[in-house]
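Below is one structure, written out as structure tokens; the observations come after it.
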Amino acid sequence: MKRILLLSALAFVIATTSAQTGFWGLIQLPYASEALEPVISRRTIELHHGKHLAGYVETLNLLVKDTEYEGKSLEHIVRHSSGVIFNNAGQVLNHILYFQQFSPQGGGVPTGRLARAIEEQWGTFDDFREEFEKRGAALFGSGWVWLAQTADGTLIILQEPGGSNPVASGCRPILGFDVWEHAYYLDYENRRLEHLRSLWDIIDWQVVGERYARP
Ligand code: MN
């Protein structure tokens, strides 16, 4: 049986699997595992999606069973939980957003309302990009760098440690780069900044633009 959950505020559709394998299912990638090469290798995608994300999903299913979080949205769990449940729910949410924002036809620059909002905040897209890369490279240890929208609609760059997500502080996630070593180490070794700079070539700005809410 397939169940469809709608995360209302974020508007993602997540196909879940049968009760035998748990409540949350592993999302299917909207591209082949080798489609993002040379920016992200097939091997990295296979491990990142098939092992790391699958592990977070499996752990989250075990942790929330028979708790107040069973049946709740990922966004709700990230907002209200702490400890291992928070970290695993955050990582499931983070990686759904992450994998869905890429496309082999991606790249270029944002358009429309998001482009205008970025220019209002940072001057030019290149200035934003440089700041975003810098914040991602400077994050100590494992975590994420996010373009996010505050409750009043302002765009900000957030560094989130570990498995955290902007929804934890009431913000809306727009674009997220994973700076855990598992996201790039096979392809870029310790060259995190080089990896972050390469990711712009596979960003699907249509998907990202749709996450931006009208202030
Ligand atoms: Mn990851």
Cβ pairs under 9 Å, 6+ apart or interchain, first in the range 185-207 and more than 16 Å from Phe140 (Cα to Cα) and without any contact (Cβ under 8 Å) to a residue 12 or more places away in the chain, second open to solvent by 60 Å² or more (accessible area, probe 1.4 Å) and assigned to a helix (DSSP H, G or I), ordered by first then second residue, are Tyr188/Glu194
What number of residues in the range 72-117 are open to solvent by 10 Å² or more (accessible area, probe 1.4 Å) and under 10 Å from the mean Cα position of the chain (by Cα)?
1
Here the residues within the range 84-100 that are within 13 Å of the ligand (Cβ to nearest atom) and of a type outside the set (A, V, I, L, M) are Asn87, Asn88, Gly90, Gln91, Asn94, His95, Tyr98, Phe99
Which ones in the range 162-215 are away from the ligand (no atom under 16 Å from the Cβ) and of a type in the set (Asp, Glu)?
Glu189, Glu194, Asp201, Asp204, Glu210
Sort out which residues of the range 50-83 are away from the ligand (no atom under 16 Å from the Cβ) and under 22 Å from Arg172 (Cα atoms), and write them in order of number.
Tyr69, Gly71, Lys72, Ser73, Glu75, His76, Ile77, Arg79, His80, Ser81, Ser82, Gly83
Only residues in the range 45-60 that are in contact (Cβ under 8 Å) with a residue 60 or more places away in the chain count as the first member; pair them with residues that are open to solvent by 30 Å² or more (accessible area, probe 1.4 Å) and part of a helix (DSSP H, G or I), Cβ under 8 angstrom, at least 6 apart or cross-chain, and list the lot.
Leu47/His182; Leu47/Leu186; His48/His182; His52/His182
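The values are calculated or read from the model by the stated rules, or taken from the named source; none is laboratory data. Since the structure is predicted, the reported quantities are computational estimates derived from the model, not experimental observations. FYI the Cβ positions are ideal-geometry reconstructions off the backbone, even for glycines, and counts take in every protein chain you see. Calculation scope for accessible area: heavy atoms of the full protein, side chains included, ligands and nucleic acids excluded. Shrake-Rupley method; radii C 1.70, N 1.55, O 1.52, S 1.80 Å.
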